[in-house]
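A.B. asks: This structure is in structure tokens; I'll ask about it shortly.
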Amino acid sequence: MLFDMDGTLVDSEKLWDVALQELAREYGGELSIAARRAIIGTSMAESMRILHDDLGQPERDPEASAAWINARILELFRTGLRWRPGALALLRAVREAGIPTALVTSSGRPLVEIALDTLGRDSFDAVVCGDEVVAAKPHPEPYLTAARLLGVPIGRCVAIEDSPTGVASALAAGAAVLAVPAEAPLPTIAGVHQVESLTGADLELLAALVVDRAGAAG
């Protein structure tokens, strides 16, 4: 099992909303809804490029903006991290079944270390962070790396994602994909099973997705 973090397991996209809008206002602007949606699931570098372009300030230093966001989001994660509906129950069911499990996130390691205080450090056999891969989502590398670390063929893995960027990464890697929209709607995509929340997801559904993926690949 391969779990995305932000917007999938934890309701952290609202915290990113706070930090991003605060930075936009610091720069004298307001982040548009379209730009905010485009940022979901992307790397920090890409997020800052989108923010700067949206504000009409492409000349700004992305590293300086990223440092500001990282500092603020660390504060917010320490106090406001909440589980998404059904996520904790599904994660527990997966672990109790002895299924190898990885966290695959675009967030950097310092932020993930704080999130693991909520998620549980023993909840995952492997953790792949956005600052620990050469190519971030939507590139397939994060999910391929996670499958390799688990020692499981990617075609036997189910990836759970909330964003178009993450879904594209998981599909490109060759995983079965369960999509659960959070802050932005997801389009209907061939080969992607979509649910409104993880409340109704169970091990039977995950197993069926693997079977369907194998049938499609065959």
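A.B. asks: Can you tell me the relative contact order of segment 48-150? Whole percent, Cα pairs under 8 Å, sequence separation 6 or more.
C.D. replies: Over segment 48-150, the number comes to 23 percent.
A.B. asks: So, one more: If you average the C-alpha positions of segment 137-214 and of segment 1-80 separately, how far apart do those two centres end up, in angstrom?
C.D. replies: After rounding, the separation between the Cα centres reads 23 Å.
A.B. asks: Using a basic spin-label model with each label point 7 Å from the Cα along Cα→Cβ, how many nm lie between R25 and I189?
C.D. replies: 3.3 nm
A.B. asks: Please work out the average accessible area per residue across segment 1-72, using the 1.4 Å probe convention, and give it in Å².
C.D. replies: 43 Å²
A.B. asks: What is the extension gain from R109 to I33, computed as 0.36 nm multiplied by their sequence separation minus the C-alpha to C-alpha distance, in nm to one decimal?
C.D. replies: So the extension gain works out to 24.6 nm.
A.B. asks: Taking the Cα atoms only, what angle lies between the long axis of helix 87-96 and the longest principal axis of the chain, rounded to 10 degrees?
C.D. replies: 40 degrees
A.B. asks: While we're on this one: Using the Kirkwood radius built from alpha carbon pairs, what does the Stokes-Einstein equation give as D for segment 12-80 at 4 °C and 1.567 mPa s, in µm² per second?
C.D. replies: 109 µm²/s
A.B. asks: Could you work out the helix-only [θ] at 222 nm for the chain, with each DSSP H run of four or more residues adding -39,500 (n - 2.57) and the total divided by the number of residues, to the nearest 500 deg cm²/dmol?
C.D. replies: About -15000 deg cm²/dmol.
A.B. asks: How much of the DSSP beta bridge set in the chain is antiparallel, as a percent to the nearest 5?
C.D. replies: Taking every DSSP beta bridge within the chain, about 5 percent pair in antiparallel fashion.
A.B. asks: May I pose another question? Gaussian network model of the chain, Cα springs within a sub-10 Å range: biggest mean-square fluctuation belongs to which of V112, V18, V192?
C.D. replies: In the Gaussian network model the winner is V18.
A.B. asks: Enter the angle in degrees (range 0 to 90, nearest 10) between the Cα long axis of helix 141-150 and the first principal axis of the Cα atoms of the chain, meaning the one along which they spread out most.
C.D. replies: 40 degrees
A.B. asks: Here is a further query. Which one is right for this structure if semi-axes √(5λ) of the Cα gyration tensor in Å is calculated from it: (1) 29, 18, 16; (2) 25, 20, 15; (3) 35, 19, 12?
C.D. replies: Calculated semi-axes √(5λ) of the Cα gyration tensor in Å: the matching label is (1).
A.B. asks: Let me ask something else. Where does helix 203-217 land angle-wise versus the long Cα axis of the chain, in degrees 0 to 90, nearest 10?
C.D. replies: Helix 203-217 and the main axis of the chain meet at about 90 degrees.
The values are calculated or read from the model by the stated rules, or taken from the named source; none is laboratory data. Just so it is clear, the structure is predicted and the values come from calculations on it, not from any experiment. Note that each Cβ is placed from the backbone with ideal geometry, even for glycine, and that neighbours are counted across all protein chains shown. For accessibility, only protein heavy atoms count, side chains too; no ligands or nucleic acids. Shrake-Rupley method; radii C 1.70, N 1.55, O 1.52, S 1.80 Å.
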